[in-house]
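Visitor: First, the structure itself, so that you have it in front of you.
Bear in mind that the values in this text are calculations on the coordinates, not laboratory data. Source: prediction; values computed, not measured. Ideal geometry is used to build each Cβ from the backbone, glycine not excepted, and the neighbour counts take in all protein chains shown.
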Amino acid sequence: MQKSTNVQTATLAGGCFWCLEAAFEQLKGVVGVRPGYMGGDDPQPTYEAVCRGNTGHAEVVELEFDPAIIDFETLLSAFFAIHDPTTLNRQGHDVGTQYRSAIFFHDAGQQAVAEAMIGRLNAEGVWSSPIVTEVSPASTFFVAEEYHHQYFRRNPYQGYCMAVVAPKAQKLRLAFADRLKVG
């Protein structure tokens with residue numbers, strides 16, 4: 001992704017990165033989405049190793065966004081709308097630390113927004129259980145293998161995509177209809 005002075009980075013983990021990519025790429029102001037891995041200790045993580053849960057990495061998406069069009073708080077609102085932040089190391093049938101809910105902040109401002117939003121959502125009782133989303137400093141981002149990029153767009157009729165990815169993308173479209181890209 002090409003960066004310009006008005007583009008910022010956000011890195012989020014909320015289960016399978018195919019789901020997050022398919023959802024976030026629909027939002028105005030999101031200029032790039034890349035699936036990858038973050039938060040582990042293997043210097044060369046692969047999908048197979050991450051899926052075995054041996055590397056400590058989470059499946060993440062790295063978002064490049066224009067804060068003049070969409071701010072970090074709105075991205076987090078979308079993030080919390082499309083996954084369950086109350087299940088530790090799990091999203092649906094995807095189980096393991098690689099599927100944890102996490103916000104990897106890139107600066108103190110992102111950290112403050114993330115912590116404030118989690119506090120507010122917990123206080124409002126949006127979920128019946130407390131949010132377990134990890135808020136940690138961003139570390140090295142490892143780009144996922146090419147076949148994971150735009151996976152849902154290229155494989156909409158694959159079983160997992162139909163059962164899991166499509167409903168999350170649809171949930172975002174319904175909740176953020178006024179923020180969708182046109183066309």
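Visitor: Quickly run through segment 145-172 and pick out the residues that are assigned to a helix (DSSP H, G or I) and surrounded by fewer than 16 Cβ atoms within 10 Å (Cβ to Cβ). Break it down stepwise before answering.
Guide: Here is the first cut: in segment 145-172, the ones assigned to a helix (DSSP H, G or I) are 146-148, 151-154, 159-172.
Within segment 145-172, Glu146, Tyr147, Arg153, Arg154, Gly159, Met162, Ala163, Pro167, Gln170 meet the criteria.
Visitor: Is there any pair linking a residue in segment 18-37 that is within 12 Å of Arg153 (Cα to Cα) to one that is among the hydroxyl-bearing types (Ser, Thr, Tyr), with Cβ under 6 Å and at least six apart or on different chains, and which?
Guide: From residues that are within 12 Å of Arg153 (Cα to Cα), the pairs are Trp18/Tyr151.
Residues are listed down the side, and each one gets a yes or a no for (1) out of contact with any strand residue (DSSP E or B) (no Cβ under 6 Å at 6 or more places or on another chain); (2) within 22 Å of Leu27 (Cβ to Cβ):
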position: Ile131; (1), (2): yes, yes
position: Ala138; (1), (2): no, yes
position: Phe142; (1), (2): no, no
position: Glu146; (1), (2): yes, no
position: Pro156; (1), (2): yes, yes
position: Tyr160; (1), (2): yes, no
position: Pro167; (1), (2): yes, yes
position: Gln170; (1), (2): yes, yes
position: Ala175; (1), (2): yes, yes
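Visitor: So, one more: Inside segment 135-164, can you point out the residues that are farther than 21 Å from Glu64 by Cα, touching a residue at least 60 places away in the same chain (Cβ under 8 Å) and not hydroxyl-bearing (Ser, Thr, Tyr)?
Guide: Once the filter is applied, which keeps residues that are farther than 21 Å from Glu64 by Cα, touching a residue at least 60 places away in the same chain (Cβ under 8 Å) and not hydroxyl-bearing (Ser, Thr, Tyr), segment 135-164 yields Cys161, Val164.
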